[in-house]
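These notes concern the structure reproduced below.
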Amino acid sequence: MPETRTSDKTNDKISVTDLNAYYGNAHVLKNITVSFPGNAVSAVIGPSGCGKSTFIRTLNRMNDTIPGFRVSGQVTIDGEDIYAPGTDVVSLRKRVGMVFQRPNPFPMSIFDNVAYGPRLHGIRKRRELADIVEKSLQAAGLWDEVKDRLSYSALGLSGGQQQRLCIARCLAVEPEIILMDEPASALDPSATARLEDLIDSLKSWYTIIIVTHNMQQAARVSDLTAFFLNGELVEFGPTQRIFTRPSDRRTEDYITGRFG
Ligand SMILES: Nc1ncnc2c1ncn2[C@@H]1O[C@H](COP(=O)(O)OP(=O)(O)OP(=O)(O)O)[C@@H](O)[C@H]1O
Ligand SMILES: [Mg+2]
């Protein structure tokens, strides 16, 4: 008999069932089944090349345009199959935003970076855009630092500021889910600490999935942790338990630094 887990099923925001992914003949994600709850931070950890980036990019179909990429299985968000024929990928990416390893501000002003998404989605009124820009920069913890230079180039910001700008740009289109692929890897320790505080403050409003190589970071910021190895999901559970009492030997070896 399947376990009865109906009570905690209700909070599942993203459910992945039997997901397989391939680049040509390379089978890089193998039978992944996992559910992520809403309004929580889930970390994805594992050695280089194990499929972390590929996995999170299947959650907003960012891999679709890679030649030779194929996926099978199911990914649902709020019960809706995102790979169903007829899915509007533009609105999917509005719901599922992404922040990358290297901050990638557009070569335009700070204001225009944040207003970019809302404009793309048809918002034209200056007043309305200004409100969205302020709100998003506030939420990203950057407003006070940039409010007097919104018309300056985003490229003049520090790395940590650029990454917070990219988060503001992501928030500006009101996503429900934010995917972060090693968002702190180009940041120094103090910018990283700010980013981690920010992630913590965003989780009441968003569902966040963060890929990180840094075990301490996973332990600090996440409620749940998924450990991947060679394209397989070895273990998924409360971060506290994964880091203190992993149920799989391979997880233990990884978190204690025996490989990877
Ligand atoms: N565009 C691509 N074309 C072909 N193979 C790819 C492509 N992107 C990734 N791969 C392969 O798929 C596997 C998983 O890669 P992926 O980038 O998802 O790993 P990762 O866990 O994110 O690694 P890292 O920690 O180094 O970022 C690797 O073997 C990689 O070489
Ligand atoms: Mg990666």
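None of the figures in this text is laboratory data; all of them are computed from the coordinates on show. Keep in mind it's a predicted model, so treat the numbers as computed, not measured. Positions of Cβ are generated from backbone atoms using ideal geometry, with glycine treated the same way; all protein chains shown enter the neighbour counts.
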### Task
Kindly provide the set of residues from the range 209-254 that are surrounded by 16 or more Cβ atoms within 10 Å (Cβ to Cβ), of a type in the set (Val, Ile, Thr) and under 19 Å from Val41 (Cα atoms), ordered by number.
Ile209, Ile210, Val211, Thr212, Val221, Thr225, Val234, Thr239, Ile242
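If I ask for residues that are surrounded by 23 or more Cβ atoms within 10 Å (Cβ to Cβ) and either more than 16 Å from ligand 1 (Cβ to nearest atom) or small (Gly, Ala, Ser) (or both), which ones from the range 171-186 would you list? Walk me through it before giving the result.
Restricting attention to the range 171-186, the residues satisfying the condition of being surrounded by 23 or more Cβ atoms within 10 Å (Cβ to Cβ) are 171-172, 178-180, 183-184.
Of everything in the range 171-186, those that are surrounded by 23 or more Cβ atoms within 10 Å (Cβ to Cβ) and either more than 16 Å from ligand 1 (Cβ to nearest atom) or small (Gly, Ala, Ser) (or both) turn out to be Leu171, Ala172, Ile178, Ala184.
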### Scope the range 85-138; condition more than 29 Å from Gln74 (Cα to Cα) and small (Gly, Ala, Ser); matching residues
Ser109, Ala115, Gly122, Ala130, Ser136
### Condition broken by Ser153, with the remaining ones in (1) surrounded by 21 or more Cβ atoms within 10 Å (Cβ to Cβ); (2) touching a strand residue (DSSP E or B) at 6+ places or on another chain (Cβ under 9 Å); (3) closer than 20 Å to Phe106 by Cβ satisfied
(1)
### Summary
Pairing a residue in the range 92-111 that is within 16 Å of ligand 1 (Cβ to nearest atom) with any residue that is acidic (Asp, Glu), where Cβ atoms lie under 8 Å and the two sit 6 or more apart in sequence or on different chains, gives Met98/Asp181; Val99/Asp181; Phe100/Asp181; Gln101/Asp181; Gln101/Glu182
### Query
What is the number of the single condition among (1) surrounded by 13 or more Cβ atoms within 10 Å (Cβ to Cβ); (2) part of a helix (DSSP H, G or I) that Arg127 does not meet?
(1)
### Summary
Note on the range 76-102: residues assigned to a loop (DSSP other than H, G, I, E, B), under 17 Å from the mean Cα position of the chain (by Cα) and away from ligand 2 (no atom under 16 Å from the Cβ) are Asp78, Ile82
